[in-house]
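What follows is a set of notes on a single structure, which appears directly below.
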Amino acid sequence: MEARVLPTAPDLTELPGEDLTTSALPEVAGWIAIYEELATVLRSVISRRDRHAELAGVVIDHKDHSLTYGGKSIRLTRREADLLDFLLRHPKRPFTSKQLATLAWQNSRLSDAQVRTYVMRLRSRLREVGLEQVITVVRNRGYGIAASLGRGAE
């Protein structure tokens, strides 16, 4: 019996070890199982990160871009929420304006002045819920976040 070659989808990129033209169902099933396992691990990491922030007292609702801390809630812009979420995932590590634009917002075209404006606006918003000292500035290195939100900001 001759093996049939399936046409590849134009938008799929072959990963190392993959053969997108295979008709071998066990191989396809194996890759599907690997992707499902990776998705499970990713969901676990994300839930752990969200749980860590919750235990620290900060809860970010990604749907409506709101922040709750100490019984107070505020609405944030999408950019403010993305910036805070990124910094919370990387505590005690400073990032330059360019790094923040690229890593937090995937937008390398934002200027340093625009990033500074978003940081200032977020710091002002955080002050409303009692988190005035959370975002720090490390001279010549960039912006970071305080290590412990639960104890340091109370």
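Quick look at the numbers
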{"quantity": "THR136 long-range amide H proximity, modeled H, under 5 Å", "calculated": "GLY144, ILE145, ALA146"}
{"quantity": "Where only alpha carbons of the range 17-138 are counted, the Rg and the Dmax (Å)", "calculated": "19.0, 59"}
{"quantity": "Förster radius 25 Å - calculated FRET efficiency between SER111 and ARG89 (Cβ-Cβ, nearest 0.05)", "calculated": "0.55"}
{"quantity": "Options LEU131, TYR35, LEU76, ranked by Cα towards positive dipole end of the range 14-132, top entry (Cβ charges)", "calculated": "LEU131"}
{"quantity": "Sites VAL138 and TYR35 - FRET efficiency at Förster radius 35 Å, r taken between beta-carbons, to 0.05", "calculated": "0.35"}
{"quantity": "Per-residue SASA entry for TRP31, accessible area with 1.4 Å probe, Å² rounded to 10", "calculated": "60"}
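The values are calculated or read from the model by the stated rules, or taken from the named source; none is laboratory data. Since the model is a prediction, treat every value here as computed from it, not as a measurement. A quick note on method: Cβ atoms are made from the backbone with ideal geometry, for glycine too, and the neighbour counts reach across all protein chains shown. Areas reflect the complete protein model, heavy atoms only, side chains present, ligands, DNA and RNA absent. Shrake-Rupley method; radii C 1.70, N 1.55, O 1.52, S 1.80 Å.
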